[in-house]
Amino acid sequence: MMAVNNKIYKISSYTSAQLKIRAGEWDTQTTKERLPYQERGVQEMYTHEDFHTKNLFNDIALLKLDVPVNVTDHVNVICLPEQDAVFEDNRNCIANGWGKDVFGRGAVYSSPTRRSPGPVGEVLHCHRTRAWSSSFRCSVSSENLAKKKFSGQAGRYAVILKKIEVDMMTHSTCLNRMRSTRLGPKFQLHPSFVCAGGEEGKDTCQGDGGAPLACPVGDDRYTLTGLVSWGIGCGGKGVPGVYTKTSMFRNWIDQKMDEWQYIII
């Protein structure tokens, strides 16, 4: 199972034996689903060795389950992209999760926010090391996002699994869009990220961190193009969401699967 490191980092004090995953979840407020979910224990966690907690570069992790998940009508696998595959022109990609519906309508944070679960989120406060420099120094603080003062409502976390459709964005377009935010004209978008969205009011949000971004690659087939990582607010006009670029890590994934003696189909 794949995840983002910024979630694994938050639970790093736990042992694998203390963790569980749930597949096929729909309603987070009930254990009596119409279609039953499956719970599995986590046998091993593997975070990317080059993950940076301050800037979220290489934001990807793998979880080895104690028992395989059964494929059913509502629990299935997804295709992985080839190494360095490009999906910048893909449209109608799907992201889903239980994150907020809005993050303060029309409001943005002055620095990137990890799209982590719960009302208390870890916020990255970034500033240039020097006025002329293209490098940033970031610090992490925990803030109660529900109490932040926005120009609109802070939004509510979804109870039922939601989905949105977003279009992919080229690296250069995303870079220019991000530079128009409070990140400033010297901001550099790391190659381990890919961007999607930018349509006002249509975005992943706080609480969606680690959620899949799946792009169609044919009839009834999708590939895992990204994992929700961070953003500047949610759903701001012209501001895309930022995702882990999974195609950059295909060789790394295959290597770990070989070490675990799994077969890649």
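As a rough footprinting exposure proxy, the listed residues 56, 35, 183 were ranked by other beta carbons within 10 Å of their own, and the order from fewest upward is 35, 183, 56.
Separation of the alpha carbons by more than 19 angstrom is noted, of 20/54; 64/100; 64/256, for 20/54; 64/100. When 162, 100, 20 are sorted by how many other C-beta atoms sit within 10 angstrom of their C-beta, beginning with the fewest, the order is 20, 162, 100. Past the 14 angstrom mark, what percentage of all C-alpha to C-alpha distances in the stretch 177-258 do you count? Above the 14 Å cut-off, the stretch 177-258 has 67 percent of its Cα pairs. Applying the criteria of a DSSP loop state and at most 11 other Cβ atoms within 10 Å to the trypsin sites (Lys or Arg not before Pro) of the stretch 169-265 yields 237. Neighbours of residue 259 by Cβ distance under 12 Å: Lys/Arg scored +1, Asp/Glu scored -1, total -1.
Put simply, the amide H of residue 43, placed in the peptide plane, has neighbours under 5 Å in 64, 65, 66, leaving out anything fewer than 5 places away on its chain. In the stretch 2-75, the alpha-carbon atoms span a convex hull of 113 Å³ per residue. Residues whose amide H comes within less than 5 Å of that of residue 222, counting only those at least five positions distant or on another chain, are 79, 217 (H built at 1.01 Å from N in the peptide plane). By the beta-carbon count within 10 Å of each Cβ, the least crowded to most crowded order of 48, 171, fewest first, is 171, 48.
No value in this document is a laboratory result; all are computed from the given coordinates. Owing to the predicted nature of the structure, the values given are computational and were not obtained by experimental measurement. Note: ideal-geometry Cβ built from the backbone for every residue, glycine included; neighbour counts use all protein chains shown.
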